[in-house]
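All remarks here apply to the structure that follows.
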Amino acid sequence: MAVNRLKLHDVGERVGFSFAYAGEGTPPEAMTWNTLKAHKLLLWTLATQGPVAQTRLKEAFFDAHFRHRRNMSDTDVLLDIAEAQGLDRAAAETALEDPDLTLAVHEEEYRAQTMQITGVPAMVVEGKYLISGAHEPQVYADALRKVAALPG
């Protein structure tokens with residue numbers, strides 16, 4: 001696990017994302033949070049604002065989690081981040097209460113389990129080819145070229 005974390009941090013640094021704690025004082029312990037609500041907001045943002053807004057929100061979530069060690073299961077934290085990214089806070093709060101979004105996230109979790117995805121990052125190409133783990137950008141580019149060259 002520690003080796004994977006170090007690899008992820010190394011790859012992140014090379015592509016311009018630092019995992020280094022950016023807060024003041026001694027860094028709080030890194031935690032693993034229940035991210036159901038965060039994933040609901042990401043799905044809602046994609047559906048209502050499009051992929052560019054979803055990517056901005058996802059990057060803001062990463063920054064909040066990895067660099068600022070914020071509680072990513074806390075509704076107010078998530079709504080603050082969404083609002084800071086230009087999303088309507090009241091609409092985001094309504095999305096968090098939407099049972100259809102909960103179901104959609106659980107369906108994505110189920111699909112991941114059936115593909116034996118047990119961690120992140122994981123990229124699924126064309127619904128059937130899995131690239132698992134943190135890799136250099138060239139590894140992803142090579143894998144995408146191989147999939148594109150497959151017949152059918």
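Laboratory data are not the source of any read-out in this text; all were calculated from the coordinates shown. Everything quoted here is computed from the prediction, not taken from an experiment. Methodologically, a virtual Cβ is constructed for each residue, glycine included, from the backbone with ideal geometry; neighbour enumeration extends over all protein chains shown.
Observations
- In summary, the range 47-108 shows an alpha-carbon radius of gyration equal to 1.11 times the 2.2 N^0.38 Å reference for compact globular proteins.
- Candidate aspartates and glutamates for bridging to LYS58, where Cα separation is under 14 Å - those fewer than 8 sequence places away on the same chain excluded: ASP80, GLU83
- Euclidean distance between Cα centres, the range 96-118 to the range 23-84, Å: 18 Å
- Taking a straight line from the alpha carbon of LYS128, these lysines sit under 18 Å away, with near neighbours fewer than eight places off in the same chain left out: LYS146.
- Convex hull volume of the range 1-132 per residue (C-alpha atoms, cubic angstrom): 130 Å³
- DSSP-loop GluC sites (Glu not before Pro) across the range 1-77, with at most 14 other Cβ within 10 angstrom: GLU24, GLU29
- FRET efficiency for SER18 and ARG69, using Cβ-Cβ distance with R0 set to 22 Å, rounded to 0.05: 0.95
- Gain in span if fully extended, ASP100 to ILE131, counting 0.36 nm per residue against the direct Cα distance: 8.3 nm
- Ranked THR118, THR48, criterion: other C-beta atoms within 10 Å, fewest first: THR118, THR48
- Mean residue ellipticity, 222 nm, helices only, the chain: the sum of -39500 (n - 2.57) across DSSP H runs of n ≥ 4, divided by residue count and rounded to 500, is -17500 deg cm²/dmol.
- Nitroxide proxy distance, nm - points 7 Å out along Cα→Cβ at ALA143 and ALA30: 2.0 nm
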